[in-house]
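As structure tokens, the structure follows; a few thoughts come after it.
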Ligand SMILES: NC(=O)c1ccc[n+]([C@@H]2O[C@H](COP(=O)([O-])OP(=O)(O)OC[C@H]3O[C@@H](n4cnc5c(N)ncnc54)[C@H](OP(=O)(O)O)[C@@H]3O)[C@@H](O)[C@H]2O)c1
């Protein structure tokens, strides 16, 4: 089979499409023909050796996919050959076939296309978990989303609107902010040309926001934390800007603010029942036309390396999906 291969941790442009052996499923595993796999920011980190997980070399990046089960290992009960499924696999999805633990496989929701299925699990799963389990966002509260036109950012906007919140979307360009408005953002801030804190103050009558969703980090974190209201909650989701910010803790004391970490992957492992319920909620919202994952580009395996590179360079909106058989 053909696969995008990482032979050593290093620059993204070292990734190459190669012919490799088709993997066989062991006990408890299934092999899936990958129809669609989505690009996520962690793909850029994992191939450089900068992610918390370092797979054995060589490996294929690609953390989530949709496809068809084509072989099952011993002892697998809840998936069979021919099933249309979605899966979070961590890595391995940028390949024509992938072997995953059968427990990580779910049926593709009724009426959902493969591209949407591939693009839903990681970003929407993360954002629903963050806003519901970690932040406990309430209807009527105001949420500030940083990096709002990215994968988890757009998902956070759509989910927060379903939860009844008012959403302020912050991003780096006017076309990114226009996209945020199309998925439901009530207000926008261009944080490269406007003062983030002052603009949020103006939009909230000086009160600040009840919650911040921060997948970006870097220089945006401190002004965003300062823009939270009394007992505001600050969700630490990621560090796409590269730098892990260090904030003065008096900012937490002064307004009884809470700084809350989000680690979706571990939360799924610790509480699979809640993850399942969240995926069912997302599937229902999709079927009812309430959420619309934005797929901005579709590429073949040969375009996957470039897509990962552009994501790392802040040049992608929404999700890019890879079609390994195109
Ligand atoms: N905690 C968890 O469980 C969890 C789960 C999934 C993902 N994450 C993390 O969440 C972050 C976002 O993931 P994603 O898939 O949504 O990525 P993405 O689609 O690339 O979005 C990230 C956004 O960050 C902004 N950004 C600001 N400075 C940047 C820079 N120097 N380089 C790249 N982007 C920059 C960009 O928006 P602007 O250009 O508008 O600023 C971009 O749209 C990543 O750090 C990822 O590891 C965490």
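Considering the conditions (1) within 13 Å of the ligand (Cβ to nearest atom); (2) in the same structural domain as residue 214 (by TED's automatic domain parsing); (3) more than 18 Å from the chain's Cα centre (by Cα), residue 270 is excluded by exactly one of them, (2).
Report, by residue number, each residue of segment 142-164 that is buried (at least 24 other Cβ atoms within 10 Å of the Cβ), on the phi < 0 side of the Ramachandran plot and assigned to a loop (DSSP other than H, G, I, E, B). Answer for segment 142-164, where residues must be buried (at least 24 other Cβ atoms within 10 Å of the Cβ), on the phi < 0 side of the Ramachandran plot and assigned to a loop (DSSP other than H, G, I, E, B): 146, 148, 149, 150.
Taking segment 295-322 as the range and being buried (at least 17 other Cβ atoms within 10 Å of the Cβ) and closer than 24 Å to residue 33 by Cα as the test, the residues that pass are 295, 301, 303, 304, 305, 307, 308, 319, 320, 321, 322.
Considering only segment 235-250, state which residues are crowded, with 17+ Cβ neighbours inside 10 Å and more than 6 Å from the ligand (Cβ to nearest atom).
235, 236, 245
Among the conditions (1) buried (at least 17 other Cβ atoms within 10 Å of the Cβ); (2) within 16 Å of the ligand (Cβ to nearest atom); (3) assigned to a loop (DSSP other than H, G, I, E, B), the only one that residue 50 does not satisfy is (1). Under the condition of being surrounded by fewer than 24 Cβ atoms within 10 Å (Cβ to Cβ) and in contact with a strand residue (DSSP E or B) (Cβ under 8 Å, 6 or more places away or on another chain), the residues counted in segment 198-216 number 6.
A quick yes/no check of all residues on (1) in contact with a helix residue (DSSP H, G or I) (Cβ under 9 Å, 6 or more places away or on another chain); (2) part of a helix (DSSP H, G or I):
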{"site": "223", "(1), (2)": "yes, yes"}
{"site": "253", "(1), (2)": "no, yes"}
{"site": "260", "(1), (2)": "yes, no"}
{"site": "275", "(1), (2)": "yes, yes"}
{"site": "291", "(1), (2)": "yes, no"}
{"site": "298", "(1), (2)": "yes, no"}
{"site": "314", "(1), (2)": "no, no"}
{"site": "326", "(1), (2)": "yes, no"}
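The condition (being farther than 22 Å from residue 314 by Cα, touching a strand residue (DSSP E or B) at 6+ places or on another chain (Cβ under 7 Å), within 13 Å of the ligand (Cβ to nearest atom) and at pLDDT 95 or above) is satisfied by just one residue among 169, 156, 165, 130: 130. Applying the set (1) in contact with a strand residue (DSSP E or B) (Cβ under 9 Å, 6 or more places away or on another chain); (2) within 10 Å of the ligand (Cβ to nearest atom); (3) without any contact (Cβ under 8 Å) to a residue 24 or more places away in the chain to residue 306 leaves exactly one unmet item: (2). Within the set 252, 243, 224, 229, the sole residue that is at pLDDT below 95, on the phi < 0 side of the Ramachandran plot and in the same structural domain as residue 131 (by TED's automatic domain parsing) turns out to be 243.
Look at segment 160-178: where a residue is within 22 Å of residue 219 (Cβ to Cβ) and assigned by TED's automatic domain parsing to the domain that holds residue 138, no partner that is outside any strand (DSSP E or B) and at pLDDT below 95 sits 6+ places away or on another chain with Cβ atoms under 7 Å. Scanning segment 179-204 for residues that are free of Cβ contacts under 8 Å to residues at least 24 places away in the same chain, within 14 Å of the ligand (Cβ to nearest atom) and assigned to a helix (DSSP H, G or I) gives a single hit, 181.
Report yes if residue 119 is crowded, with 17+ Cβ neighbours inside 10 Å, within 14 Å of the ligand (Cβ to nearest atom) and in a strand (DSSP E or B), otherwise no. No.
The values are calculated or read from the model by the stated rules, or taken from the named source; none is laboratory data. What you see is a predicted model, and the numbers here were worked out from it, not measured in a lab. Cβ sites come from the backbone with ideal geometry, for glycine too, and all protein chains shown count toward neighbours.
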